[in-house]
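Read the structure below first, then the notes.
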Amino acid sequence: MEKIESIKTEQRNPRTLDIDRVDTLELVRLMNSEDKKVAEAVEAVLPQVAAAIDLIYRQMCLGGRLVYCGSGTSGRLGALDAAECPPTFGADPGLVVAVIAGGPAAMTTAVEGAEDLAGEGEKALREIGFGPEDVLVGIAASGRTPYVLGAMGYAHSLGAGVIGVTCCPGSAVDKAADIGISPQPGPEVITGSTRLKSGTAQKMVLNMLSTGVMIRMGKVYSNLMVDVKATNQKLCARAVSIVRSATGASREIAAGALETAHYAVKTAIIMLLCGVDAAEADRLLAKEGGRIADVVLAQEDGESKDAYVRQISEGGL
């Protein structure tokens, strides 16, 4: 096992040696200054991030899932990203999932020693029925967590795609991955506290992975969350706003289309853009894999949006 003092995420930061003796404003200035380096570190690994998105998308098209695996902060970041996909993108709750060393209790309480058990990583994947069509993203700032490495080894044995997200290029996790993503934000403000810059870098990468895949799957039109589920008053209002932004329709017409479409935002948008009823809108979306832009391109010669808006205004639907 690599000595802890040689790990990049465990190095002392020469710029923050006096952080315990400065005033509070200088303290946060030091932290902010260090945080500015994170985006540049992530920028340096964008080709690997893009390759990972393409891999995940290909596997999802085959029925696979995106599975995050980590311990401590890394595991919680994976669980957070997975939890946000259903409300943001209308994704099935089982499409992006996460396993964390120590189980669900580790989300809120440290489970000491859980990350040191490589067999538990494999066990966690077996319990969720991980298969060769899935993609595993092993997350470990230091790149050496046994729990994550155990899961990665099991995923490899099945022939599944394996991605590593660390802050230590050349680490065991990085080497075990088909695609290694290892931004280097530099030593932490507080030595070894990887919930800081390393955690921020990992969160940025995970944001890109899940968001990029969802965009590829047609869950975004322009830059609008068109698969959002209108499950409360705020989200219903957002749905109306999204339909208006996508179509240029008035609030009343957008709300009417949404009501007809049972608040399926994509359906309402296609109704207005292509001049079709809800059933036809759903058929067109299914034909084009749920991608609004592709439906619109395929229907350019159809009835104009303006004609449909007039029909609604005249009570024709």
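Give region 195-213 a look and list any residue that's surrounded by fewer than 23 Cβ atoms within 10 Å (Cβ to Cβ) and either in contact with a Phe, Trp or Tyr (Cβ under 7 Å, 6 or more places away or on another chain) or not in a helix (DSSP H, G or I) (or both), or say none. ARG195, LEU196, listed by residue number. Restricting attention to region 151-161, the residues being buried (at least 24 other Cβ atoms within 10 Å of the Cβ) and either farther than 17 Å from GLY72 by Cβ or of a type outside the set (Gly, Ala, Ser) (or both) number 2.
Once region 214-239 is narrowed to residues that are part of a helix (DSSP H, G or I) and not small (Gly, Ala, Ser), the residue that is farthest from the chain's Cα centre (by Cα) is GLN233.
Looking only at region 33-45, decide whether some residue is in contact with a strand residue (DSSP E or B) (Cβ under 7 Å, 6 or more places away or on another chain), surrounded by 15 or more Cβ atoms within 10 Å (Cβ to Cβ) and in the same structural domain as LYS123 (by TED's automatic domain parsing). Yes, there is a match, as at least one residue in region 33-45 is in contact with a strand residue (DSSP E or B) (Cβ under 7 Å, 6 or more places away or on another chain), surrounded by 15 or more Cβ atoms within 10 Å (Cβ to Cβ) and in the same structural domain as LYS123 (by TED's automatic domain parsing). Of the residues making up region 71-110, just one is touching a strand residue (DSSP E or B) at 6+ places or on another chain (Cβ under 9 Å) and more than 24 Å from MET208 (Cα to Cα), namely ALA106.
Return the total of residues in region 169-186 being of a type in the set (A, V, I, L, M, F, W, C) and either crowded, with 24+ Cβ neighbours inside 10 Å or out of contact with any helix residue (DSSP H, G or I) (no Cβ under 9 Å at 6 or more places or on another chain) (or both). Even if it seems obvious, please write down each step before you answer.
Of all residues in region 169-186, those of a type in the set (A, V, I, L, M, F, W, C) come to 172-173, 176-177, 179, 181.
Next, only the ones that are either crowded, with 24+ Cβ neighbours inside 10 Å or out of contact with any helix residue (DSSP H, G or I) (no Cβ under 9 Å at 6 or more places or on another chain) (or both) stay: 173, 177, 181.
Number satisfying all stated conditions: 3.
For region 109-150, a tally of residues being surrounded by fewer than 22 Cβ atoms within 10 Å (Cβ to Cβ) and either assigned to a strand (DSSP E or B) or out of contact with any helix residue (DSSP H, G or I) (no Cβ under 9 Å at 6 or more places or on another chain) (or both) returns 6. The number of residues in region 33-53 that are in contact (Cβ under 8 Å) with a residue 60 or more places away in the chain and charged (D, E, K, R) comes to 3.
The values are calculated or read from the model by the stated rules, or taken from the named source; none is laboratory data. This one's a predicted model, so the numbers in the text were calculated from it and none came from an experiment. Glycine also receives a Cβ, built like all others from the backbone with ideal geometry; neighbour counts cover every protein chain displayed.
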